[in-house]
Amino acid sequence: MLLSAERSASSAQGRLQPAPGSALPIGDRNMNPPGISFPALVAEDFRTHGRDLLSPGFWALTICRFGNWRMSVSPWLRPPLTLVYRFGHKAAITMWAIDLPYNARVGRRFRIMHHGAVFQGAWLIGDDVTLRHSATIGLIRRGADRAPKIGSRVEIGPGACIVGDVSVGDDVYIGPNSVVTQNVPSGAAVLGNPSRVVNLPAFVEKDPSARRTP
């Protein structure tokens, strides 16, 4: 699948605007955030992960960024970079249980806390998103091709599951072990399984422990 995507890279033009109901990106172009170079992006991710070189989330994200960056390299020079990406991706899954493929379009200052996260496909993850351990973002079932869109400034609690053709708005808090299978408006909090949507300011006022941590 990677090789077929790379063959079409030279003919692909423009960027599609992600939206719920869209099929997964096939990874035929560099989908790193625009307006920032690959080294600067990695440096920003390093700061986002507390300047911790041992952070599994930092390395898994760097591998994802590298996988995207290599798509901007000439197809004639890309094969060895693809081997490096594939090795790094498999290593992240084996060592830290973080599966973050390069065709997941990830925004800036994305932070993966701890380890253990599965991305079976996501059209878009916005800026300043925090993901805690054992969370899943992806397809609702094997063979499906509709995936979530995550807004900016979203905090996803441990064990949370966001699957299917759903859109999560900006400034959303998704509580631990919540299962999200429907759209979530901006400024909301999602709690429980089955999930219920509540107003975020009211929820934070009642439960200060839900406030975002630095």
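The values are calculated or read from the model by the stated rules, or taken from the named source; none is laboratory data. Just so you know, these numbers come straight off a predicted model, no measurement behind them. Positions of Cβ are generated from backbone atoms using ideal geometry, with glycine treated the same way; all protein chains shown enter the neighbour counts.
Conditions tested, residue by residue: (1) modelled with pLDDT of 85 or more; (2) surrounded by fewer than 18 Cβ atoms within 10 Å (Cβ to Cβ).
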residue: R105; (1), (2): yes, no
residue: A117; (1), (2): no, no
residue: V129; (1), (2): yes, no
residue: A144; (1), (2): no, yes
residue: S152; (1), (2): yes, no
residue: G175; (1), (2): yes, no
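Taking the range 49-75, which residues are in contact with an Asp or Glu (Cβ under 7 Å, 6 or more places away or on another chain) and among the hydroxyl-bearing types (S, T, Y)? Scanning the range 49-75 gives a single hit, T62. Under the condition of being touching a residue at least 24 places away in the same chain (Cβ under 8 Å) and in contact with a Leu (Cβ under 8 Å, 6 or more places away or on another chain), the residues counted in the range 156-204 number 8. Here the range 83-119 is the region considered, the condition is being touching a His at 6+ places or on another chain (Cβ under 9 Å) and small (G, A, S), and the residue that is farthest from V154 (Cα to Cα) is A97.
For the range 74-92, which residues satisfy the criterion of being over 21 Å from T130 (Cβ atoms) and surrounded by 15 or more Cβ atoms within 10 Å (Cβ to Cβ)? Outline the logic, then answer.
Here is the first cut: in the range 74-92, the residues over 21 Å from T130 (Cβ atoms) are 74-91.
Listed by number, the residues that qualify are R78, L81, T82, Y85, G88, H89.
Would you please name the residue that is surrounded by the most Cβ atoms within 10 Å (Cβ to Cβ), looking only at residues in the range 24-71 that are assigned to a loop (DSSP other than H, G, I, E, B) and of a type in the set (A, V, I, L, M, F, W, C)? The extreme case among them is M31.
Every listed requirement among (1) closer than 21 Å to D127 by Cβ; (2) at pLDDT 95 or above is met by P80 save one, (1).
Between A92, A60, the distinction of being aliphatic (A, V, I, L, M) and within 22 Å of V168 (Cβ to Cβ) belongs to A60 only.
Residue-by-condition table, conditions (1) modelled with pLDDT under 75; (2) surrounded by fewer than 18 Cβ atoms within 10 Å (Cβ to Cβ); (3) touching a His at 6+ places or on another chain (Cβ under 7 Å); (4) part of a strand (DSSP E or B):
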{"residue": "G121", "(1), (2), (3), (4)": "yes, no, no, no"}
{"residue": "I137", "(1), (2), (3), (4)": "no, no, no, yes"}
{"residue": "R141", "(1), (2), (3), (4)": "yes, yes, no, no"}
{"residue": "G159", "(1), (2), (3), (4)": "no, yes, no, no"}
{"residue": "D165", "(1), (2), (3), (4)": "no, no, no, no"}
{"residue": "V190", "(1), (2), (3), (4)": "no, no, no, yes"}
{"residue": "F203", "(1), (2), (3), (4)": "yes, yes, no, no"}
{"residue": "R212", "(1), (2), (3), (4)": "yes, yes, no, no"}
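Cβ-Cβ contacts under 6 Å between residues 6 or more apart (or on different chains), taken from a first residue in the range 99-110 that is among the β-branched types (V, I, T) to a second residue that is at pLDDT 90 or above, are listed as V106/I125.
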